[in-house]
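Heads up: the structure comes next, in structure tokens.
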Amino acid sequence: MSGKVVLENISKWYGEGDTFVKAVDQVSLHVNKGEFIAIMGPSGSGKSTLLSIMGALLSPSEGRFLLDNQDVTKLTKNEMAQVRLEKIGFIFQSSNLVSFLSVRDQLLLVSKLAGKKEKEAKQKSDQLLERMGLFHRRNYYPEQLSGGEKQRVAIARAWMNDPELILADEPTASLDSKRGRDIVEMIAKEVKLRGKSAIMVTHDERVLDLCDRVWKIKDGQLSEHVTAHV
């Protein structure tokens, strides 16, 4: 397999005997640069566990996860934390903004954690906010923003450290159909523009046409992908 993101025979299980549960079962997947894919599945299908493995939040029981040719499954917890900070951007179904930080400071916090220079970080944050149509909101706080604006801040924050992989977990769940589509369009556009990889877990079939490929997961197994552009 080749690609920016490669999963090779990934499995994750919990417990033993009567309590044994296989949450992810022999999943193999590759996502290339500039590719935006969706994973769909019912509750309990394994998609959250799979997303946690790809987010370097959880180690698989077996198999390999390669990100930018680095085998994440061989890293220590501290090394995995560094990968999350430097190579992975997260977008959640609720924007997960820090209530006491301004819009600009939400982004600058990410750079500060990564040890980036403050002047460069401010330039980067302002550029991202401009792209997201939020520069005029840079000194606002989360409570002053609409749901769609909060998600756009979350997208800008996800790109702050120029990650190789964007993981979006139900990014349209708290939005109406128009705002939800706008958010996914922004993700798709940035992925193509920057030549990065993105994986979105979603129940929202209305945005699947914006993805390059769609996979379905059931009982921890990925099915053959179906074409998104139908």
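Could you tell me which of the residues S177, S197 is farther than 20 Å from L129 by Cα and surrounded by fewer than 21 Cβ atoms within 10 Å (Cβ to Cβ)?
S177
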### Unmet criterion (only one of (1) over 18 Å from K189 (Cβ atoms); (2) part of a helix (DSSP H, G or I); (3) modelled with pLDDT under 95) for L128
(1)
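Rundown of residues vs (1) small (G, A, S); (2) not in a loop (DSSP other than H, G, I, E, B), yes/no style:
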| residue | (1), (2) |
| --- | --- |
| L7 | no, yes |
| S11 | yes, yes |
| D18 | no, yes |
| V24 | no, yes |
| S28 | yes, yes |
| K33 | no, no |
### Query
Out of segment 7-24, which residues are modelled with pLDDT of 95 or more and surrounded by fewer than 21 Cβ atoms within 10 Å (Cβ to Cβ)?
E8, N9, S11
#### Entry: A38 being crowded, with 16+ Cβ neighbours inside 10 Å, among the aliphatic types (A, V, I, L, M) and at positive phi
no
## Note on the structure
Residue hits (segment 90-112; within 21 Å of S197 (Cα to Cα) and hydrophobic (A, V, I, L, M, F, W, C)) are F90, I91, F92, L107, V110
### Residue that is in a helix (DSSP H, G or I) and either under 17 Å from the mean Cα position of the chain (by Cα) or acidic (D, E) (or both), where the choices are A81, A121
A81
### Hey, L75 in contact (Cβ under 8 Å) with a residue 24 or more places away in the chain and either of a type outside the set (D, E) or in contact with a strand residue (DSSP E or B) (Cβ under 6 Å, 6 or more places away or on another chain) (or both) or not
no
### Message
Just to be sure I understand the filter: pairs with C-beta atoms under 8 Å, separated by 6 or more residues or on different chains, first member in segment 5-19 and over 18 Å from K218 (Cβ atoms) and touching a residue at least 60 places away in the same chain (Cβ under 8 Å), second member among the polar types (S, T, N, Q) and surrounded by 11 or more Cβ atoms within 10 Å (Cβ to Cβ). Which pairs pass?
### Response
V5/S197
### Query
Name the pairs: first residue in segment 83-95 and over 15 Å from V191 (Cβ atoms) and modelled with pLDDT of 95 or more, second residue among the aromatic types (F, W, Y) and buried (at least 18 other Cβ atoms within 10 Å of the Cβ), Cβ to Cβ under 9 Å, at least 6 apart or on different chains?
none
### Task
Inspect segment 54-72 for any residue being part of a helix (DSSP H, G or I), under 22 Å from A156 (Cβ atoms) and in contact (Cβ under 8 Å) with a residue 40 or more places away in the chain and give the result as yes or no.
yes
### Query
Which numbered condition trips up S48, out of (1) in contact (Cβ under 8 Å) with a residue 60 or more places away in the chain; (2) polar (S, T, N, Q); (3) crowded, with 21+ Cβ neighbours inside 10 Å?
(3)
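The values are calculated or read from the model by the stated rules, or taken from the named source; none is laboratory data. Model, not experiment: these values are computed from the prediction. All Cβ positions, glycine included, derive from the backbone under ideal geometry; neighbour counts span all protein chains shown.
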